[in-house]
Amino acid sequence: MRQEPHPISGALYEEVGDGVVRVLDQTGGKSGLFRWDGTWLEGNLTYADPHMLLYIGGPNLPEGKDIFWGFLPPAEDASTVVPAGVGSMPGDQMPQRIVAKYKRDPGLKTDQGMRSAAHVDQDFLLDNDRRPDLVPAVFRLQSPMPGGPVRIDTARFFEKKYHDLEVEKLWKRTWQMACREDDIPNIGDFHVYEIAHLSFLIVRTGEHEFKAHYNACLHRGRLLREHDGARAREFRCPYHGWSWNIDGTLKEITTEWDFPGVREHVCTLPSAQVGRWGGFIFINPDPDAMSLEEFLGPVMLQHYAKYKMENRYKQAHVTRVIGANWKVGTEAFLESYHVIATHPQVMLTGGDLAECRYDVFGNFGRAAHVSAGRSGASPQRGLFVTPEHVLATYRQSADFQRAYLRGIIGDEVEQFSDAELNDSSFNHVFPNLHPWSGWSRIVFRFRPNGDNPDECIQDVMLLAPWPEGKPKPPPRPIRHLKMNESWTDAPELASLARILDQDVLNMPKLQAGLKTKQPSYVWYSAYQEGKIRNFHRNYDRAMGLEGVGDSQE
Ligand code: FES
Ligand SMILES: [Fe+2]
């Protein structure tokens, strides 16, 4: 049975079985019983932290699967050794379970603007990297989103007219990740990529050649394929049998004598542009779009250059339907500001992540945990650590990661600095891709669920490190979860599933709240929500909304 104190109130949350949680407020002498979904059952304590209830009493993982996802063996038959020592990090000089009252973080004035009182200049860590020559230059770039708090009208999160405009102005015109190259390893393998009501056939046409055909027959428009497939030699329409070769050239019009003059109009399946980066296949339906490289930008490309994302092995891929707009889902992973309320258990052993660094570079939004590892600073609970302590944690965390990775990628690990070994940042590429960097393995993607602006589909992938040159096993097949299922129904996500359940708990509630909120706008902060402000700046530009009052600085 799970049992933890609340990191701020100190109330004891204890699982008593069947999804019921007893909450005992030791200081006030009150207690209550709650279902994990927040329903109060009995007792004189009538409200409890919904995220803590979920964490203690919510759906669980099978035995042995509630482990940190970053240390999963990369494949079923691979064995990796998690080195001893994580329990002896300097962060553990703090008590094992830290309970401390909420305190107002007064902030700290810096040359770059206001930051958390726990701010530690990242340059201090980079300057003290034990392999300074290996630190990528882009790690030193600072580019916080300029300007102050911004408000955005709520309508864009639920009104159908915004969804319709997104199809025309965004999904038909932007670069977007469709799948991994490994998903279609052989010539003729194809993946059906769907975005809103649009559908594309992503097909491998050569060893290193890919096409993204519009997935519609040029006769009367039937979808050519509804499911992914392998080793196709043609796409023959199931309705009347017209067919095209995998490269999109016309193969046959059945009873062509009845279609005089039509051949020249249907001789090639229309297709979107295809671009590739890091083992991902991107598409852009706009024939006049800038190149993918230009879209991603030099900072993003350089940040990931040494990580060789193309070498990663997809050890998990799970999708789940969520009752919220895709932008609501996206925003939930653009800041760590929500940790204090949404992932309270994280604070028991770590910090509240208020000292994260945020930078924006065009379509790329970058985050950095200065205290990667567990420095334990929690300014919102009055817990502070010295920069030297952060550095010690940082180095120990790098050593730990180096020892672990050596078991997977061997001596290649010597090519990385402390900074890179600690890099596990929640980065974002506009509009909907979250490739966490470094060694975190996480990749998220959010897409609208068909044309319903109140629903989205979240993809979660784990891309494990894999030795260069060693053949990869086939990627794990995609598991599709319905709206009422829990991420823990996908145990291949390990403990990430329980974190994601907490994030998703908010999303439908946010969607509902946005519709009733008065005044009908939301606020985004100057710094911690800077990546979200940048998202909306890019969104406004793409949608042609600039200057029409949808967002105001
Ligand atoms: S609709 Fe495809 S062959 Fe008729
Ligand atoms: Fe979260």
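The values are calculated or read from the model by the stated rules, or taken from the named source; none is laboratory data. Nothing here was measured: the structure is a model prediction, and the numbers come from that model. Note that each Cβ is placed from the backbone with ideal geometry, even for glycine, and that neighbours are counted across all protein chains shown. With ligands, DNA and RNA removed, areas are computed over all heavy atoms of the protein, side chains included. Shrake-Rupley method; radii C 1.70, N 1.55, O 1.52, S 1.80 Å.
For this structure, a couple of remarks:
- Test: residue in the range 234-244 that is away from ligand 1 (no atom under 13 Å from the Cβ) and open to solvent by less than 70 Å² (accessible area, probe 1.4 Å): no
- Filter result for the condition that a residue is under 32 Å from the mean Cα position of the chain (by Cα) and surrounded by 14 or more Cβ atoms within 10 Å (Cβ to Cβ), over 231, 225: 225
- Close pairs from the range 204-224: first within 16 Å of ligand 1 (Cβ to nearest atom), partner of a type in the set (Phe, Trp, Tyr) and part of a strand (DSSP E or B), Cβ under 7 Å, at least 6 apart: 213/200; 214/200; 215/200; 224/235
- Considering residues of the range 333-342 that are part of a loop (DSSP other than H, G, I, E, B) and surrounded by fewer than 21 Cβ atoms within 10 Å (Cβ to Cβ) only, the residue farthest from ligand 1 (Cβ to nearest atom): 337
- Any hit, the range 378-389, residues being of a type in the set (Ser, Thr, Tyr) and either assigned to a helix (DSSP H, G or I) or under 24 Å from residue 100 (Cα atoms) (or both): yes
- Residue in the range 410-418 that is open to solvent by 10 Å² or more (accessible area, probe 1.4 Å) and in contact with a strand residue (DSSP E or B) (Cβ under 7 Å, 6 or more places away or on another chain) present: no
- Scanning the range 180-195 for residues that are hydrophobic (A, V, I, L, M, F, W, C) and either open to solvent by 10 Å² or more (accessible area, probe 1.4 Å) or farther than 25 Å from residue 325 by Cβ (or both) yields 184, 187, 190, 192.
To keep it simple, each residue is scored yes or no on (1) of a type in the set (A, V, I, L, M, F, W, C); (2) within 16 Å of ligand 1 (Cβ to nearest atom); (3) part of a loop (DSSP other than H, G, I, E, B).
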site: 275; (1), (2), (3): no, no, no
site: 301; (1), (2), (3): yes, no, no
site: 317; (1), (2), (3): no, no, no
site: 344; (1), (2), (3): no, no, yes
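- Residues in the range 495-525 that are open to solvent by less than 80 Å² (accessible area, probe 1.4 Å) and more than 16 Å from ligand 2 (Cβ to nearest atom): 511, 512, 513, 514, 517, 519, 520, 521, 522, 524, 525.
- Extreme residue, nearest to the chain's Cα centre (by Cα), among residues of the range 428-480 that are open to solvent by less than 40 Å² (accessible area, probe 1.4 Å) and among the basic types (Lys, Arg): 445
- One residue alone among 444, 535 is within 30 Å of residue 411 (Cα to Cα), among the aromatic types (Phe, Trp, Tyr) and either modelled with pLDDT of 95 or more or more than 16 Å from ligand 2 (Cβ to nearest atom) (or both), and that residue is 444.
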